[in-house]
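Just below is one structure, and these are the notes that go with it.
The values are calculated or read from the model by the stated rules, or taken from the named source; none is laboratory data. These numbers were taken from a predicted model, which means no experiment stands behind them. We place every Cβ from the backbone using ideal geometry, glycine too, and count neighbours over all the protein chains shown.
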Amino acid sequence: MASALFRTKSVEQSISDTDDPDSRLRRDLTAVDLTVFGVAVVVGAGIFTLTARTAGTVAGPSVSLAFVFAAVACGLAALCYAEFASTAPVAGSAYTFSYATFGELAAWIIGWDLILEFALSAAVVAKGWSQYLGEVMGSRTPIVHFGSVSFDWGAVLLLAVLGVLLAVGTKVSSRVSAIAVAIKLAVIALVLVVGLTYFKSENLSPFIPPSKPGEGGSGVHQSLFSWLTGAGNSTFGWYGLLAAASLVFFAFIGFDVVATTAEETKNPQRNVPRGIIGSLLIVTVLYVAVSLVLTGMVPYTELSGGDATLATAFAIHGVDWAKNIISIGALAGLTTVVMVMYLGQTRVLFAMSRDGLLPRGLARTGRKDTPVRITVIVGVVCAVLAGFVEFGTLEEMVNIGTLFAFVLVSIGVLILRRTRPDLPRGFRVPLVPLVPILAVIACVWLMLNLSVETWLRFLVWMVVGLALYFTYGVRHSVLRKRERAAGQSGAVETP
């Protein structure tokens, strides 16, 4: 039994399974499409809110440098994703990569982890989209109340529309995403141009403000690092800069979704690495540019309120119309984030179902070679979550799930280099083993900065996943059935 849990599915077998006519995805995405998806999912409302809040309360003007540090850490993991995706261009992202390196049990764990990341992200961001919709509508909230029950019809409407688009085809989704990306990039460009007219270099001094004691949580609300070491926390200074890097790192989360579309990409060995790395470079430039302009417009002390946003800086200068422009940009930005997270969720479930770890009937594709059944199911689940559930601090669950996936993918590159050096790789991580090791260290450090409460919730989610695997997945595994059939065939032929 123990050996069965660590059985691996070869890269060749994973690629061979993509030719099954009943569960085949259409290959029509290009490097440009993948770059659009990457920018679409990473550049969301965070660029309008997280930048100002972090500058005002944690890092000051050095928030731009924090984005650079975070981009470096994220880039290390991105290189590992690029190598895996070019080696095994199959739907499923980290799930598929783990199946080829660590074995079936680890693959299930990371797949279950990705379900948490993508589904919760889609629902949480859909609720954020609904809030911005209310602002665009004139502060009228798209929430109705039925007694003690609240229903967010704005979030449900968005998920329903995006579900139809994804069911029609990934290429159509890419075109819609490209339009939304163009809108939010135009808004960001306008913000940068107008913001530069109020830019004063003296506002950037001191670039790294003097350190001062910060107010941290206690008990399960404190970070795991603080709980383990009993260390205090501070804001600003070098420690604040590093803490800010941990915070703004989460603005980059989502680029890994690009890897889930590898099976639907033309020439994936070339285009997937380009899409992953290209989108990461673009969003890094955008984040650094916005943070520099923001902290140059007003002293960082003017952003010290916990609810400060990019609009706050414009309001200080009396440019109140910018709030509406920023709301429109955030609305377009969140639309694409929900779409790509929704897409990532369906592709991970598709890969797990095709392997039999979930019901195989879910992996059937329609006439347009899209997993319609899974798309509908994911849409319904996310709509129920977004429509009726208040998430509170559950957003951090997305972060820990993503970082866990990054760690396994980075380690997986080292394992596959050793076990399968013969595999053709369209992209190779440079400076192995240094880069994967640094990626692991960076991600583990960021995980340690998450709260104890988040870690406990994550462990509960994993226990539920393991129970499902041992009651269903392990018995219906396609790989297990193939190995049994091969064993029985060999037993018959043995004299």
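Among the conditions (1) of a type outside the set (A, V, I, L, M); (2) under 30 Å from Glu135 (Cα atoms); (3) touching a helix residue (DSSP H, G or I) at 6+ places or on another chain (Cβ under 9 Å), the only one that Thr365 does not satisfy is (2).
Exactly one residue out of Ile277, Ile282 is assigned to a helix (DSSP H, G or I) and farther than 21 Å from Ser62 by Cα, and it is Ile277.
Scanning segment 164-190 for residues that are more than 21 Å from Gly128 (Cα to Cα), touching a residue at least 40 places away in the same chain (Cβ under 8 Å) and part of a helix (DSSP H, G or I) turns up Ala167, Val168, Thr170, Lys171, Ser174, Leu190. Tell me, please, whether a residue that is surrounded by 14 or more Cβ atoms within 10 Å (Cβ to Cβ), under 18 Å from Phe37 (Cβ atoms) and modelled with pLDDT under 85 can be found in segment 183-192. The answer is yes, given that some residue of segment 183-192 is surrounded by 14 or more Cβ atoms within 10 Å (Cβ to Cβ), under 18 Å from Phe37 (Cβ atoms) and modelled with pLDDT under 85.
Among the residues of segment 96-110, at least one is touching a Gly at 6+ places or on another chain (Cβ under 7 Å), modelled with pLDDT under 85 and not charged (D, E, K, R). Taking the conditions (1) crowded, with 16+ Cβ neighbours inside 10 Å; (2) modelled with pLDDT of 90 or more in turn, Val398 satisfies each one other than (2). Of the residues examined, Val319 is not one that is over 17 Å from Gly195 (Cα atoms), of a type in the set (Val, Ile, Thr) and in contact (Cβ under 8 Å) with a residue 60 or more places away in the chain.
Being within 30 Å of Gln269 (Cβ to Cβ) and hydrophobic (A, V, I, L, M, F, W, C), is that true of even one residue in segment 50-70? Break it down into steps so the answer makes sense when it comes.
Initially, segment 50-70 is screened for residues within 30 Å of Gln269 (Cβ to Cβ), giving 68, 70.
Narrowing the set further to residues that are hydrophobic (A, V, I, L, M, F, W, C) leaves 68, 70.
Yes: one or more hits.
Considering only residues that are hydrophobic (A, V, I, L, M, F, W, C), crowded, with 22+ Cβ neighbours inside 10 Å and more than 14 Å from Phe151 (Cα to Cα), which ones fall in segment 373-391? The answer is Ile374, Val378. Could you grab me the full set of residues in segment 363-372 that are at pLDDT below 85 and surrounded by fewer than 21 Cβ atoms within 10 Å (Cβ to Cβ)? Those that are at pLDDT below 85 and surrounded by fewer than 21 Cβ atoms within 10 Å (Cβ to Cβ): Arg364, Thr365, Gly366, Arg367, Lys368, Asp369. Go through segment 139-153 and report how many residues are touching a residue at least 24 places away in the same chain (Cβ under 8 Å) and either among the small types (Gly, Ala, Ser) or surrounded by 19 or more Cβ atoms within 10 Å (Cβ to Cβ) (or both). Within segment 139-153, residues that are touching a residue at least 24 places away in the same chain (Cβ under 8 Å) and either among the small types (Gly, Ala, Ser) or surrounded by 19 or more Cβ atoms within 10 Å (Cβ to Cβ) (or both) number 2.
Restricting attention to segment 450-474, the residues that are farther than 21 Å from Arg360 by Cβ and aromatic (Phe, Trp, Tyr) add up to 3.
Pull up segment 239-274, narrow it to residues that are assigned to a helix (DSSP H, G or I) and aromatic (Phe, Trp, Tyr), then point me to the one that is nearest to Met339 (Cα to Cα). Spell out how you get there, then give the answer.
From segment 239-274, those assigned to a helix (DSSP H, G or I) are 239-252, 257-260, 262-264, 268-274; that's our starting set.
Adding the requirement that they be aromatic (Phe, Trp, Tyr) leaves 239, 249-250, 252.
Details: Tyr239: 36, Phe249: 21, Phe250: 18, Phe252: 16 Å.
Looking at the filtered set, the residue picked out is Phe252.
Scanning segment 138-153 for residues that are in contact with a strand residue (DSSP E or B) (Cβ under 7 Å, 6 or more places away or on another chain), hydrophobic (A, V, I, L, M, F, W, C) and in a strand (DSSP E or B) yields Ile143, Val144, Phe151. Scanning segment 108-138 for residues being in contact (Cβ under 8 Å) with a residue 60 or more places away in the chain and either more than 20 Å from Val43 (Cβ to Cβ) or out of contact with any helix residue (DSSP H, G or I) (no Cβ under 7 Å at 6 or more places or on another chain) (or both) gives a total of 10. Please verify whether segment 84-107 includes one or more residues that are without any contact (Cβ under 8 Å) to a residue 24 or more places away in the chain and in contact with an Asp or Glu (Cβ under 6 Å, 6 or more places away or on another chain). Within segment 84-107, none of the residues are without any contact (Cβ under 8 Å) to a residue 24 or more places away in the chain and in contact with an Asp or Glu (Cβ under 6 Å, 6 or more places away or on another chain). Looking across Val460, Val409, one residue alone is aliphatic (A, V, I, L, M) and under 18 Å from the mean Cα position of the chain (by Cα). It is Val409.
Return the residue satisfying two criteria in turn: it lies in segment 295-331 and is in a loop (DSSP other than H, G, I, E, B) and among the aliphatic types (A, V, I, L, M), and of such residues it is modelled with the highest pLDDT.
Residues of segment 295-331 that are in a loop (DSSP other than H, G, I, E, B), as a first pass: 298-299, 304-309, 317-320.
Among the residues that remain, those that are also among the aliphatic types (A, V, I, L, M) are: 298, 308, 319.
Numbers: Val298: 91, Ala308: 78, Val319: 84.
Among them, the one singled out is Val298.
Of all the listed residues (Val156, Val161), the sole one being assigned to a helix (DSSP H, G or I), at pLDDT 90 or above and crowded, with 19+ Cβ neighbours inside 10 Å is Val156. Check whether at least one residue in segment 314-332 is closer than 21 Å to Glu264 by Cβ and touching an Asp or Glu at 6+ places or on another chain (Cβ under 8 Å), and report yes or no. Checking segment 314-332: not a single residue is closer than 21 Å to Glu264 by Cβ and touching an Asp or Glu at 6+ places or on another chain (Cβ under 8 Å). Return a yes/no flag: does segment 338-351 have any residue that is more than 27 Å from Glu83 (Cβ to Cβ) and in a helix (DSSP H, G or I). Within segment 338-351 (the criterion being more than 27 Å from Glu83 (Cβ to Cβ) and in a helix (DSSP H, G or I)), the answer is yes, since at least one residue qualifies.
Which of the residues that make up segment 192-213 are of a type outside the set (A, V, I, L, M, F, W, C) and not in a helix (DSSP H, G or I)? Show your work before the answer.
Residues of segment 192-213 of a type outside the set (A, V, I, L, M, F, W, C): 195, 197-198, 200-203, 205-206, 209-213.
Of everything in segment 192-213, those that are of a type outside the set (A, V, I, L, M, F, W, C) and not in a helix (DSSP H, G or I) turn out to be Thr197, Tyr198, Lys200, Ser205, Pro206, Pro209, Pro210, Ser211, Lys212, Pro213.
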